[in-house]
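First the structure, in the form of structure tokens, and then the observations on it.
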Amino acid sequence: MNYLNMNEKKLLPVVLELNILLADYNLYYQKLRGFHWNILGKNFFDLHVKFEELYNDAKVKIDEIAERVLTLQHHPVSQFKEYIKMATVEEITPLMEDTEMVEELLGDHKKLLTQMRLILKHADEAEDEGTIDLIGAYIRELEKSSWMLNAWSKNTSDHLDTSMIKEA
């Protein structure tokens, strides 16, 4: 029964890419847990809390992505061996310096954003407004988290692009 009133063939690429995003988010989530548990140094308090905030957000997104796949009448991938095969986010050791952790997460954000934009492309072709709405919100949230992590990694003397600011 097609209760969604959408073209099932056009939805297949959406489902396939959502499952890749699900795999990516599972590996990203576990990476954040590892960073949360293993952070050391002067930035411990800031990053310990930030990593927990990020993994709690990732946990919610994992469930929402899986439920979107189910809504589209498919089973989500749910085995870690499959996640590792499918994911663009890579499993790594959490035993690294705080700045390396942040750099790694920013690299993962690029991968997640690339995957999300691919999903949007397929969802647009399938006229799948539900997925477009879900992923559009994820993009906005992840871009903001990326901005914050990037700002954390800067020196206080650094500046952003000022070319658009007119001198008075």
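The values are calculated or read from the model by the stated rules, or taken from the named source; none is laboratory data. All values derive from a computational prediction rather than experimental measurement. Cβ sites come from the backbone with ideal geometry, for glycine too, and all protein chains shown count toward neighbours. Please note that ligands, DNA and RNA were not included when accessible areas were found on the heavy atoms of the full protein model with its side chains. Shrake-Rupley method; radii C 1.70, N 1.55, O 1.52, S 1.80 Å.
How fast does segment 60-149 diffuse by Stokes-Einstein, in µm²/s, taking the Kirkwood radius from C-alpha pairs at 10 °C and 1.306 mPa s? Estimated via Stokes-Einstein, D reaches 109 µm²/s.
For the chain, the Cβ-based charge dipole about the Cα centre amounts to some 180 debye (Lys, Arg positive; Asp, Glu negative; other atoms uncharged). Label separation (Glu53 vs Asp124): 3.1 nm, computed from points 7 Å beyond Cα along the C-beta direction. The value of relative contact order for segment 17-81, using C-alpha pairs under 8 Å at least six residues apart, is 43 percent. Computed over neighbours whose Cβ is under 13 Å from that of Thr99, the net charge equals -4, Lys and Arg +1, Asp and Glu -1. How much of the accessible area of the chain, probe 1.4 Å, is carbon plus sulfur, in whole percent? Result for the chain: 54 percent of the exposed heavy-atom area is carbon or sulfur. Both numbers refer to the Cα atoms of segment 1-93; Rg and Dmax are 16.1, 57 Å.
Taking θ as phi - 60° and the Karplus parameters 6.51, -1.76 and 1.60, the scalar couplings of segment 16-32 work out to 4, 6, 4, 5, 5, 4, 4, 4, 4, 5, 5, 6, 4, 4, 5, 4, 4 Hz in sequence order, x denoting glycine and proline. Each listed q (0.14, 0.16, 0.18, 0.21 Å⁻¹) maps to a log10 I(q)/I(0) for the chain, found by the Debye formula over equal Cα scatterers with no solvent: -0.76, -0.92, -1.09, -1.35.
With the whole protein complex present, Leu106 retains an accessible surface near 40 Å², based on a 1.4 Å probe. In this structure, the pairs whose alpha-carbon distance is over 23 Å, taken from Lys9/Lys110; Lys9/Lys81; Lys81/Lys111; Lys50/Lys110, are Lys9/Lys110; Lys9/Lys81. Rounded to the nearest 10 degrees, the angle from helix 98-125 to the longest Cα principal axis of the chain is 30 degrees.
Within the shell of other residues whose beta carbon sits under 14 angstrom from the beta carbon of Val60, the net charge comes to -4, with Lys and Arg scored +1 and Asp and Glu -1.
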